[in-house]
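I'd like to ask you about the structure that follows.
The values are calculated or read from the model by the stated rules, or taken from the named source; none is laboratory data. In this text, all values refer to a predicted model and were calculated from it rather than measured experimentally. Because the Cβ atoms are built from the backbone with ideal geometry, glycine has one as well, and the counts that use them run over all protein chains shown.
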Amino acid sequence: MKIHLKKIKSICCIGAGYVGGPTMAVIAQKCPHIKVTVVDVNAERIAAWNAIDLNKLPVFEPGLAEVVAEARGRNLHFSTDVDQAIIDADMIFISVNTPTKTYGKGKGMAADLKYIELCARQIAKVAKTDKIIVEKSTLPVRTAEAIKHILDNSGNGVQFQILSNPEFLAEGTAVQDLLYPDRVLIGGEPTEEGEKAIQALVDIYAHWVPEERIITTNVWSSELSKLTANAFLAQRVSSINAMSEICEQTGADINEVARAIGMDSRIGPKFLKASVGFGGSCFQKDILNLVYIAKSYGLNEVADYWEQVILMNNHQKQRFSDHIINTLYNTVSGKKIAFLGWAFKKDTNDTRESPAIRIADNLLSEKARIWAYDPKVGAERMYADLDYLNTRAEQENRSLLVVSGNPYAACKDAHAIAVLTEWDEFKSYDWQRIYDGMQKPAFIFDGRGILDTVSLKKIGFTCYTIGKGS
């Protein structure tokens, strides 16, 4: 039976998180003739998307509030009525979480697809007309096959086409990435009906993306391209971080090294910024997924190669916290350490896999007292990040970590400051005021390389910058 695709009039997105919310907001803005409904079972999250105060959106991204303000109430809607949205939609985006498994086979590496399967089963249960299903979540290769098998066995006669449309968004620049993408990748089945489905999605993006930037492939190539892109980017971060340690020992400057090799057109300048390590929802999860796939096929050398990227990232976080301990006379017990930044990068409130979490955990295990400040991350999120590690009781985390809404209060009476997110505001603080209020000697550990250490040293700080010799 063939699917006779009509013009897309209604889109549903299951999942109102960091990908689903911004992506659908931009589609709604650029395609005012299409009804876009974002659904989620989390009523609190949906309420935040519908908040009158646009500063209270659950996802912080520069420019997102303006896009939502334009489209919300016109053709962009946020709802908890998942079933009705599925019934009404011509095209359904699946944009739910795919965390790394914490149990069973593949624990610690494989993607946990339980939420994807739940979506597929819910769609199969309530759909009454033919649908195009779009994988937006980052998924392992051949997940589309599993989704299609569930949908095709629903027994209600509805026909489905499965597309892969991976996101290539970076937190902090997600809106710009959506408005001006390097490329849009769409994978589908190489059949007549598959081509129709692909073209339906191409036509949506073509409202604002030049067609030469819209790439179409088979489903499997699209799924694997997402994992590969993140693996390559993460590998660059771990490579430059490996060199940062050599720079510290030899007196070289990692920024000068990065600038020199970045001018090589074969390498390029991006992702050559040394730091305390990469974070975010994609890099670690996708590389571990890639490692698991390689091991599943018996490609152990390939698995070992990519796993080393993760090991290097973990090492960078461990040695940063170790350096704080060693510099503070081999003990931080009872000492106040101020954290500037908790998000994994600036211009986002996303904390997933943030280096700050592991570094805080390491220092708390040494009985340090941490006062943390981040302009966009609140106390509830920070405590949840630490609790997730299960290193200590929740109450102990709350007694050892104090979340401050003011950077000067966070730094007052501190023995040391650790800069863990590259927020621009940190550069313009009154550092003389901060120094005057700290314990002496006053230490700064710049894990992002953003501060003017020459000026700080003149004030009296003892400074360490990652990737630079003392």
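What's the number of the condition residue 107 fails, among (1) assigned to a helix (DSSP H, G or I); (2) of a type in the set (Lys, Arg); (3) modelled with pLDDT under 90?
Failed condition: (1).
So residue 119 fits all but one of (1) at pLDDT 95 or above; (2) out of contact with any Phe, Trp or Tyr (no Cβ under 9 Å at 6 or more places or on another chain); (3) part of a helix (DSSP H, G or I); (4) surrounded by 20 or more Cβ atoms within 10 Å (Cβ to Cβ); what number is the exception?
(1)
Here is a further query. Could you run through segment 158-207 and say how many residues are without any contact (Cβ under 8 Å) to a residue 40 or more places away in the chain and β-branched (Val, Ile, Thr)?
Matching residues across segment 158-207 total 6.
On the basis of being at pLDDT 95 or above, among the charged types (D, E, K, R) and farther than 19 Å from residue 177 by Cα, does residue 130 make the cut? I'd like the intermediate steps shown before the answer.
Working: at pLDDT 95 or above: no; among the charged types (D, E, K, R): yes; farther than 19 Å from residue 177 by Cα: yes.
No; evaluated as a whole, the condition is false for this residue.
Here's another thing I want to ask about it. Hey, any hits in segment 270-283 for a residue that's in contact with a helix residue (DSSP H, G or I) (Cβ under 6 Å, 6 or more places away or on another chain) and part of a helix (DSSP H, G or I)? Let's see the steps before the verdict.
First, pick out the residues of segment 270-283 that are in contact with a helix residue (DSSP H, G or I) (Cβ under 6 Å, 6 or more places away or on another chain): 271-272, 274, 276-279, 282-283.
Pick out the ones that are also part of a helix (DSSP H, G or I) and you get 283.
Among the residues of segment 270-283, at least one is in contact with a helix residue (DSSP H, G or I) (Cβ under 6 Å, 6 or more places away or on another chain) and part of a helix (DSSP H, G or I), which makes the answer yes.
Continuing with the same structure: Every residue in segment 31-82 that is farther than 30 Å from residue 124 by Cα and either more than 22 Å from the chain's Cα centre (by Cα) or assigned to a loop (DSSP other than H, G, I, E, B) (or both), please.
Once the filter is applied, which keeps residues that are farther than 30 Å from residue 124 by Cα and either more than 22 Å from the chain's Cα centre (by Cα) or assigned to a loop (DSSP other than H, G, I, E, B) (or both), segment 31-82 yields 51, 52, 53, 57, 60, 61, 62, 63, 69, 70.
On to the next question. Just give me the residues in segment 22-47 being closer than 17 Å to residue 82 by Cβ and out of contact with any Asp or Glu (no Cβ under 9 Å at 6 or more places or on another chain), in sequence order. Let's see the steps before the verdict.
Taking segment 22-47 first, the residues closer than 17 Å to residue 82 by Cβ are 24, 35-47.
Correct list: 24, 36, 38, 40, 41, 42, 43, 44, 45, 47.
Within segment 217-256, which residues are farther than 30 Å from residue 190 by Cα, within 18 Å of the chain's Cα centre (by Cα) and of a type in the set (Gly, Ala, Ser)? Give the steps one after another, and end with the answer.
The initial filter retains those residues of segment 217-256 that are farther than 30 Å from residue 190 by Cα, namely 234-256.
Now restrict to residues that are within 18 Å of the chain's Cα centre (by Cα): 234-238.
234, 238, listed by residue number.
Go through segment 201-227 and report how many residues are part of a helix (DSSP H, G or I) and surrounded by 15 or more Cβ atoms within 10 Å (Cβ to Cβ).
Of the residues in segment 201-227, the ones part of a helix (DSSP H, G or I) are 201-205, 211-213, 219-227.
The next check asks that each one be surrounded by 15 or more Cβ atoms within 10 Å (Cβ to Cβ); those that pass are 201-202, 204-205, 219-227.
Residues that pass the stated criteria total 13.
Also, I was wondering about something else. Restricting attention to segment 354-364, does a residue exist that is assigned to a loop (DSSP other than H, G, I, E, B), buried (at least 18 other Cβ atoms within 10 Å of the Cβ), in contact with a strand residue (DSSP E or B) (Cβ under 7 Å, 6 or more places away or on another chain) and not polar (S, T, N, Q)? Give the steps one after another, and end with the answer.
Within segment 354-364, the subset assigned to a loop (DSSP other than H, G, I, E, B) is 354.
Pick out the ones that are also buried (at least 18 other Cβ atoms within 10 Å of the Cβ) and you get 354.
If we keep only those that are in contact with a strand residue (DSSP E or B) (Cβ under 7 Å, 6 or more places away or on another chain) too, we end up with none.
No; the residues of segment 354-364 include none that is assigned to a loop (DSSP other than H, G, I, E, B), buried (at least 18 other Cβ atoms within 10 Å of the Cβ), in contact with a strand residue (DSSP E or B) (Cβ under 7 Å, 6 or more places away or on another chain) and not polar (S, T, N, Q).
So, one more: If only one of 400, 389 is in contact (Cβ under 8 Å) with a residue 12 or more places away in the chain and either charged (D, E, K, R) or surrounded by 15 or more Cβ atoms within 10 Å (Cβ to Cβ) (or both), which one is it?
Details: 389 fails: either charged (D, E, K, R) or surrounded by 15 or more Cβ atoms within 10 Å (Cβ to Cβ) (or both).
Within the list 400, 389, the selection yields 400.
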